[in-house]
Amino acid sequence: MEEQLFKDYEGKLTKKIIEEVKAEVKEQGLTKDQTKKVLEYLKEEYDTAKISPGEAIGILTAESFGEPGTQMTLNVFHFAGVAEVSVTQGLPRLIEILDARKEISTPSMEIYLKKGVSKDMAEVKRVAALIKETKLNEIATEFSIDLTKLQVEVQLNQHRLKDLKLKPDQVAEALNANMKGVKASVNGEKIIIKTKAEENELMETYKIKEKSKEVFIKGVKGITQVLPVKNNEEYVIITAGSNLKDVIEIEEVDETRTTTNSLFEVLKVFGVEAARQNIIREAQRVIEDQGLDVDIRHIMFIADAMTTSGTIKGITRSGITGEKKSVLARASFETPLKHLINASIIGEEDDLNSVIENVMLNQPVPLGTGLPELVTRGKKETAKEGKK
Amino acid sequence: MPKTIKIQDHILVPKHVLLTKEEAQALFSKYNITPSQMPMISAKDPAIKELNAEVGDVIKVLRNSQTEKDAVFFRIVKAD
């Protein structure tokens, strides 16, 4: 019986509200009549809370972001907890998200591990070492040049090698694979790097020495720092640098919860819908970290606008603002002359359908009561009254 | 052994459902819209890879939003 009552309100109220009412009714032990009263009242409130047609939600969103934006820190770096991983926060980060920058200033990942491994500190440390990008100079103690043989000799740090479960011949193999024009071989505890070229000069050898320091040996490319952090009974690896695609391929990593703050990486690996979700998450995190409060609907609206085309487009002149149909609207945002000149050359037309171009021309804007147009039926023909 | 990754299982990925041609038509007439007015999703989008969607198909997305459980959203598949 009661179920039927709730069913009647499906579509009139959101599922979430109905579920909350259901739980509350059970707890309070309300009768059917009382429940109906509650639902009726809720429906009324819900309808008044709805945005009316013609409301300028874009401007509302802009204001809702703009005002708290003035209170945000301009301090770019913040060190998360005791950890030494720094993350961009505040206004610079918000701008980064909304502009949909491809290269963000501090990419970072949160790597969750599978249930079996995530609680064991030693295992977590092992996986973290596996993920971290290791370059040759991190596992070497000394780089020297043998002047008589014109070759580079690299003394390896045995402790580091043991930690990373690496063998000298594996290091030599990695060098051969990732460095062009050289041949690396193992000689006891040393690695010998020689050029393949016939002519061998000291200058060339010196260059090889400097180059070899930055050669990628092991780990996931792009992950420069790893840091296991305890988070509700389990360990999470926070990283500096991001490479979602390669990290989720690792056996011990829980690919269902691992995330990154790079919007475009999420787009590439998980698609637009996940990217939209990530925009919301990241924007909300920035706002909450600053102790501010912006309604989630504004953030969702921006995320929707940024992802309607199937990829992420920032709010920039090359992104969604640049796609506005009206020349005047585009010109009012950035680089006005460029837009006006180009439009004049190709003879673009402006239908004056939106807000900003009508403001410029001192006409009523199509918002709220300015939105509906008056249509009258004439005596003989159907005439549409033009704009005033 | 390479790990098999199920994109649908990720916390950020909402459920994607492919609509039949009739369902899509019903949607257009319900909202009185043309396909060109719809939000888009790339045919190469990783989340719809397994649905075998063709260009012009409509994808229904059931988002687990903070304001509504299973908020429904539609996207049309576009050529890349």
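The values are calculated or read from the model by the stated rules, or taken from the named source; none is laboratory data. Predicted model only: the values in this text are computed from it and were never measured. Using ideal geometry, Cβ is built from the backbone for each residue, glycine included, and neighbour counts are taken over all protein chains shown. Only protein heavy atoms, including side chains, enter the accessible area calculation; ligands, DNA and RNA are left aside. Shrake-Rupley method; radii C 1.70, N 1.55, O 1.52, S 1.80 Å.
Quick test for you: out of A:GLU252, A:GLU273, A:GLU282, pick the one residue that is of a type in the set (D, E, K, R) and touching a Pro at 6+ places or on another chain (Cβ under 8 Å).
Values: A:GLU252 fails: touching a Pro at 6+ places or on another chain (Cβ under 8 Å); A:GLU282 fails: touching a Pro at 6+ places or on another chain (Cβ under 8 Å).
Going through A:GLU252, A:GLU273, A:GLU282 in turn, the sole match is A:GLU273.
Among the residues of the range B:42-58, is any of a type in the set (Gly, Ala, Ser) and touching a residue at least 40 places away in the same chain (Cβ under 8 Å)? Talk me through it step by step, then tell me what you get.
Of the range B:42-58, the ones of a type in the set (Gly, Ala, Ser) are B:42-43, B:47, B:53, B:56.
If we keep only those that are touching a residue at least 40 places away in the same chain (Cβ under 8 Å) as well, we get B:47.
Yes, the range B:42-58 contains at least one residue that is of a type in the set (Gly, Ala, Ser) and touching a residue at least 40 places away in the same chain (Cβ under 8 Å).
With the requirement that a residue be under 25 Å from A:THR14 (Cβ atoms), open to solvent by less than 70 Å² (accessible area, probe 1.4 Å) and basic (Lys, Arg), what does the range B:61-80 give you?
Hits for the range B:61-80 are B:ARG63, B:ARG75.
For the range A:73-133, please list each of the strands (runs of 3 or more DSSP E) lying entirely inside it that holds at least 3 residues being at pLDDT below 85 and open to solvent by 20 Å² or more (accessible area, probe 1.4 Å).
Working: elements: A:77-79, A:86-88, A:108-112.
Result: A:77-79.
Would you mind telling me which numbered condition in (1) crowded, with 23+ Cβ neighbours inside 10 Å; (2) within 14 Å of another protein chain (Cβ to nearest Cβ) A:ARG330 fails?
(2)
So is B:ILE33 surrounded by 15 or more Cβ atoms within 10 Å (Cβ to Cβ) and at negative phi or not? I'd like the intermediate steps shown before the answer.
Working: surrounded by 15 or more Cβ atoms within 10 Å (Cβ to Cβ): no; at negative phi: yes.
Spelling it out, it is not the case that B:ILE33 is surrounded by 15 or more Cβ atoms within 10 Å (Cβ to Cβ) and at negative phi.
State all residues of the range A:168-196 that are in contact (Cβ under 8 Å) with a residue 12 or more places away in the chain, in a helix (DSSP H, G or I) and acidic (Asp, Glu); if no residue qualifies, say none.
A:ASP169
Among (1) outside any loop (DSSP other than H, G, I, E, B); (2) loosely packed, with under 14 Cβ neighbours inside 10 Å, there is one condition A:GLU199 misses while meeting the rest; what is its number?
It is condition (1) that A:GLU199 fails.
Give the residue, chosen from A:LYS22, A:LYS16, A:LYS50, that is closer than 15 Å to B:THR67 by Cα, surrounded by 13 or more Cβ atoms within 10 Å (Cβ to Cβ) and either among the hydrophobic types (A, V, I, L, M, F, W, C) or within 14 Å of chain B (Cβ to nearest Cβ) (or both).
On the way: A:LYS22 fails: closer than 15 Å to B:THR67 by Cα; A:LYS50 fails: surrounded by 13 or more Cβ atoms within 10 Å (Cβ to Cβ).
Within the list A:LYS22, A:LYS16, A:LYS50, the selection yields A:LYS16.
Pairs under 9 Å by beta carbon, first residue closer than 18 Å to B:ILE7 by Cβ in the range A:239-253, partner outside any loop (DSSP other than H, G, I, E, B) and open to solvent by 30 Å² or more (accessible area, probe 1.4 Å), six or more apart or different chains?
Pairs found: A:SER242/A:GLU265; A:ASN243/A:GLU265; A:LEU244/A:GLU265; A:LEU244/A:LYS268; A:LYS245/A:GLU265; A:LYS245/A:LYS268; A:ILE250/A:LEU130; A:VAL253/A:TYR112.
Out of B:VAL58, B:VAL13, which single residue is open to solvent by less than 30 Å² (accessible area, probe 1.4 Å), within 23 Å of A:LYS15 (Cβ to Cβ), more than 9 Å from every other protein chain (Cβ to nearest Cβ) and β-branched (Val, Ile, Thr)? Before you say what the answer is, go through the steps one by one.
Numbers: B:VAL13 fails: more than 9 Å from every other protein chain (Cβ to nearest Cβ).
Exactly one residue qualifies, and that residue is B:VAL58.
Could you list, in sequence order, all residues of the range B:16-52 that are assigned to a strand (DSSP E or B), in contact with a Leu (Cβ under 8 Å, 6 or more places away or on another chain) and within 9 Å of chain A (Cβ to nearest Cβ)?
If we filter the range B:16-52 for residues that are assigned to a strand (DSSP E or B), which is where we start, we get B:16-18, B:40-42.
Going one step further and asking which of them are in contact with a Leu (Cβ under 8 Å, 6 or more places away or on another chain), we end up with B:16-18.
Correct list: B:HIS16 only.
The conditions are (1) open to solvent by 60 Å² or more (accessible area, probe 1.4 Å); (2) within 14 Å of chain B (Cβ to nearest Cβ); (3) touching a residue at least 24 places away in the same chain (Cβ under 8 Å), and A:THR369 fails exactly one of them. Which is it?
It is condition (2) that A:THR369 fails.
Out of curiosity, is A:VAL226 closer than 17 Å to A:LEU130 by Cβ, part of a strand (DSSP E or B) and touching an Asp or Glu at 6+ places or on another chain (Cβ under 7 Å)?
On the way: closer than 17 Å to A:LEU130 by Cβ: yes; part of a strand (DSSP E or B): yes; touching an Asp or Glu at 6+ places or on another chain (Cβ under 7 Å): no.
So A:VAL226 fails the test.
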